Structures are given as C-alpha cells and as structure tokens.
Amino acid sequence: MQVNKITRSKTQTITEQVYEQLEHKIVFCEIEPGSILTEKEICTMLGAGRTPVREALLLLSKRFLVNFSKIGIMIPEMNSSVQLQLLEMRRPILKTCVECAIKRLTQVDKDNIEELLSVVDSLDEHEFLNWLERRQEVLSKASKNFFIYEELRNVQGLSRRFWYYYAKKEDDIVVRDLHKKILQAVFNEDTNNAVKYVDEIIDYIENFVKKYAI
C-alpha cells in the first residue's frame with residue numbers, strides 16, 4: 001500500500017488535502033472497489049491524523065464513495081444499477097444546469113469554458129477525469145444555482161470512477177466530443193443544441209453502463 005505524507009498548505013486545510021488524496025485513490029481505483037479499510041490504515045496511508053481523516057470520510061460518505069460499517073470503511077463495489085439511477089437523476093438536472101447557465105452567462109464563465117475547450121484534446125485518461133470534475137464545477141457555477149452545483153458535485157466522483165474502470169478508447173473519443181459540444185453550445189448561448197447534446201451524452205453513457213450490468 002502506497003503511503004503519502006500530508007504536509008501543511010497555505011491554500012488548503014489538512015482535511016481538504018486528506019479528502020482530495022483519498023478521493024483520488026478511490027476514483028482511480030488505487031483502492032480496489034469492495035475493499036474494507038480501518039481508520040488506522042487510512043491514517044497510515046495518508047500520513048494524517050484521525051480528526052482530518054474522519055472529517056474527510058464523512059464528506060466522502062455524502063458523495064457515496066465510502067460506506068461505514070461495523071467491520072470498517074467500505075469502498076463500494078462497481079454497480080451498474082446505481083449508475084443507471086444516477087443517470088436518471090443527472091439528465092434533468094444537467095439540462096436545467098445548461099439552460100440556467102445560458103440565461104446567466106458572464107464573461108468570466110465564457111473565459112472558463114474557453115480554457116476547458118482549449119486543453120481537452122491534449123489530456124490523457126487521468127487528466128481527462130480531472131478535467132470532467134473542473135467542467136462540472138464551471139457549468140454548475142455558471143448556472144448560479146447552489147442546489148444544481150451541490151447535486152451534481154455529490155455524484156460526479158462515483159460516476160467518474162465507473163467510467164475510469166470500464167471505459168475504452170472508443171468510449172473516450174465519443175464522450176470527449178459530446179462534452180466539447182455541450183460546452184461550445186453553452187458558450188454560443190445555444191439552448192437547443194446544449195440540451196440536445198446533454199440527451200446524447202446521457203443516452204450514450206446509459207448504453208455504456210448497461211454493457212456492464214451487475
């Protein structure tokens with residue numbers, strides 16, 4: 001088990017650093033799905049104390065990336081049924097998100113979208129998943145709706161993990177293109193195409209998930 005050492009940062013609290021590192025290990029399957037860990041093992045793995053680890057675990061549990069049990073901290077197994085339920089929820093929320101973003105778009109939002117579009121084609125699979133997290137943040141904040149932001153943030157880690165575990169190169173190509181089309185439509189303030197591409201990407205991911213039904 002790889003051991004990291006948390007160090008003090010001027011921009012992040014210890015809890016934020018622990019959360020970020022632990023989320024990364026779960027999303028990128030450095031901790032195997034289905035694993036059961038003790039709090040002590042996690043503290044040792046991250047080189048952090050119990051308080052920030054407990055606080056980070058509580059946040060991760062709210063985002064469905066860990067479960068608490070009597071035998072330890074459980075990392076959820078891959079579950080296509082859960083993913084399909086998430087997609088059922090994400091479709092209407094993401095449509096509302098792009099519609100609100102277009103209505104309330106600022107120049108700062110446009111600058112953020114341009115930055116995302118300028119780099120996406122050059123990213124490897126790890127970088128692309130981090131890009132997806134940033135894309136979610138940019139679109140959600142552009143909507144100027146706190147509840148959209150919170151709902152999408154709470155499920156994106158679980159979705160990215162499933163994608164990382166199963167996606168092949170051909171899936172990556174299709175989904176990158178659709179993400180770009182959504183962003184470009186929002187940038188152009190083109191509601192019809194933004195909503196259309198949301199439907200297309202959710203349809204594609206639903207079919208992708210069904211191939212790995214568990």
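The values are calculated or read from the model by the stated rules, or taken from the named source; none is laboratory data. None of the values given here were measured: they were computed from a predicted structure. Quick reminder, even Gly has a Cβ in these numbers, built from the backbone with ideal geometry, and neighbours come from all protein chains shown.
When you check VAL198 against the structure, is it crowded, with 16+ Cβ neighbours inside 10 Å, under 19 Å from the mean Cα position of the chain (by Cα) and modelled with pLDDT under 95, yes or no?
Numbers: crowded, with 16+ Cβ neighbours inside 10 Å: yes; under 19 Å from the mean Cα position of the chain (by Cα): yes; modelled with pLDDT under 95: no.
Considered against the rule, which asks whether it is crowded, with 16+ Cβ neighbours inside 10 Å, under 19 Å from the mean Cα position of the chain (by Cα) and modelled with pLDDT under 95, VAL198 comes out as no.
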Scanning segment 78-90 for residues that are within 15 Å of the chain's Cα centre (by Cα) and either charged (D, E, K, R) or surrounded by fewer than 16 Cβ atoms within 10 Å (Cβ to Cβ) (or both), the one farthest from LYS196 (Cα to Cα) turns out to be MET89
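It is to be established whether one or more residues within segment 91-109 are assigned to a helix (DSSP H, G or I) and closer than 30 Å to THR38 by Cβ.
We begin by selecting, within segment 91-109, every residue assigned to a helix (DSSP H, G or I); these are 91-103, 107-109.
From the residues that got through so far, the ones that are closer than 30 Å to THR38 by Cβ too are none.
No, that holds for no residue.
Specify the residue that is surrounded by the fewest Cβ atoms within 10 Å (Cβ to Cβ); the eligible residues are those in segment 63-77 that are within 18 Å of the chain's Cα centre (by Cα) and not basic (Lys, Arg).
Step one: filter segment 63-77 for residues within 18 Å of the chain's Cα centre (by Cα), giving 63-67, 75-77.
This time we only want the ones that are not basic (Lys, Arg), so: 64-67, 75-77.
Working: PHE64: 16, LEU65: 22, VAL66: 25, ASN67: 13, ILE75: 20, PRO76: 16, GLU77: 11.
This residue is GLU77.
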Looking at segment 18-36, can you tell me whether even one residue there is more than 18 Å from the chain's Cα centre (by Cα), surrounded by 15 or more Cβ atoms within 10 Å (Cβ to Cβ) and either outside the structural domain of LEU152 (by TED's automatic domain parsing) or in contact (Cβ under 8 Å) with a residue 60 or more places away in the chain (or both)? yes
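Going by the structure shown, is GLN107 crowded, with 16+ Cβ neighbours inside 10 Å and polar (S, T, N, Q)? Give the derivation first.
Numbers: crowded, with 16+ Cβ neighbours inside 10 Å: no; polar (S, T, N, Q): yes.
No.
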Quick check: is even one residue across segment 61-71 of a type in the set (A, V, I, L, M) and at pLDDT 95 or above? yes
